[in-house]
Structures are given as structure tokens and as C-alpha cells.
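A short worksheet on the structure shown next.
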Amino acid sequence: MNKKTIIFDLDGTLLDSLQDIVISVNQVLEKLNYPIHDLEAYKQFIGDGARKLLLRALPKDIEETQVDKALALFTEIYSKTIHNNTKPYDGIYPMLDSLKANGFSLNLLSNKPQQFTLKYYDIFFKKYEFDYVYGQSDEFPKKPNPKTALHIANQLKVEPKNIYFIGDTSTDIKTANNARMQSIGVIWVMRVKDELVSNG
């Protein structure tokens, strides 16, 4: 089957969630008496899951117990601020309307923890009836490992080469390349064009 299929990344691709991420992580850092960072720094921190985000925000050579503590705090704080400032980018809803009208299968693959990925999907995109929605979990490895992307392809019975993988970071481009899918990079907020081009 060669049904027209797209796998979207979430943060920085469909949703402008950066401000809520910045606020939440900086609250964690303040509670643990570590320096905070500005919004521009976080543009380079995100994209590889919550733990990697915190490792980049925390001081170098920090003990694993402190990382665990920071992750628990982040989960607690972020769950309360998850959509205070988060919203889809301008034009996302009309784009999804058009894709659905033209028979595309819509899917979501994020390195955001599964509980938050599903919550965002329910709040902002449930009416579009995505076929598959996956966030970070113990069941599947994080991007750029292609396992989850290939799982989606297998479930849909679509050849990977016929799937468009759309994201905003080098992690997304690498995921598409590793899965032998077609990559499309977006540059409206999180990353610069050169980073996406250099990764394929």
C-alpha cells in the first residue's frame, strides 16, 4: 500500500511550546539553586527528550541523583504549565485540514514523554484523528533511532520510502534518513536552516 503518509514531530514543528518549556526548566533550576538560561539557549537544548534537555540545562558533571531529582521536578512542574503559553503555529490547522481533505494519513512521533505527547494531542489535534501518536516511552527508543517510525510504517503497511517525516531539528532529519523516509525540515522557530541542510 502506498497511502499518502506523514509523520510529524511535535515541538517546534506543529506546536510553539518553547516558552512553557523554558519557564518549567528554569523553575527546576531555581529550586535546585542552579543558574537559569534564556530562551535562545533552550532552542539548542531541546529535541532529544526531557532527560537530555535537563542534562544540557544543568551544570556539567552533575551527579545522576541530581538529574533524577531534576527530572521528577520537571515532570511535576511541566504537567501544571503544559499549555499555558503553548499553541499551534500560525497556519498549522489550515494545513492539517487540507492534508486530511486530500486523504493523507497523519501521525505523530515526539521525543517528549508519552504522557505529555498524548496530552498535547488531545488538547490541540484530536479532531484530526491521527492514526498513530507516539512519545518517549520504555517501549520504543528515542529518535533518531528509526524503530518507532518504522513501526508506524509497518502498522500502516506503507513503504518507508513513501512516507514524509517532518521536523525542525537534526534529530528529525536523522530519523528520516535512518528509516529511509523522505525528510522535510521546518525552520520557523527552533533551529537554523544550515543545521537541517547539513543533516540531509
Filtering segment 125-141 for residues that are surrounded by fewer than 20 Cβ atoms within 10 Å (Cβ to Cβ) and not in a strand (DSSP E or B) leaves a count of 11
If you go through Gln136, Gln114, the only one that is modelled with pLDDT under 95 and touching a Ser or Thr at 6+ places or on another chain (Cβ under 6 Å) is Gln114
Looking across segment 17-39 at residues that are closer than 20 Å to His83 by Cα and among the charged types (D, E, K, R), the single one that is nearest to the chain's Cα centre (by Cα) is Asp20
- Message: Could you go through segment 40-54 and let me know if any residue there is of a type in the set (Asp, Glu) and in the same structural domain as Leu156 (by TED's automatic domain parsing).
- Response: no
Exactly one of Ser98, Ser183 is small (Gly, Ala, Ser) and in a strand (DSSP E or B), and that one is Ser183
When segment 32-86 is checked residue by residue, the ones that are outside any helix (DSSP H, G or I), of a type outside the set (Asp, Glu), under 16 Å from Thr169 (Cβ atoms) and touching a helix residue (DSSP H, G or I) at 6+ places or on another chain (Cβ under 9 Å) are Ile46, Gly47
Within segment 1-31, residues under 20 Å from Phe116 (Cβ atoms), acidic (Asp, Glu) and in a helix (DSSP H, G or I) come out as Asp20
Does Ser110 satisfy the criteria of being crowded, with 22+ Cβ neighbours inside 10 Å and touching a Lys or Arg at 6+ places or on another chain (Cβ under 9 Å)?
yes
Q. Does Gly103 count as within 14 Å of the chain's Cα centre (by Cα) and at pLDDT 90 or above?
A. no
If you go through segment 101-118 one residue at a time, do you hit one that is in a loop (DSSP other than H, G, I, E, B), in contact (Cβ under 8 Å) with a residue 60 or more places away in the chain and within 14 Å of Asp9 (Cβ to Cβ)? no
Within segment 142-158, residues modelled with pLDDT of 95 or more and assigned to a loop (DSSP other than H, G, I, E, B) come out as Lys143, Pro144, Asn145, Pro146, Lys157, Val158
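The values are calculated or read from the model by the stated rules, or taken from the named source; none is laboratory data. This is a predicted model, so every value here is computed, not measured. Every residue, glycine among them, receives a Cβ derived from its backbone with ideal geometry; neighbour counts consider all protein chains shown.
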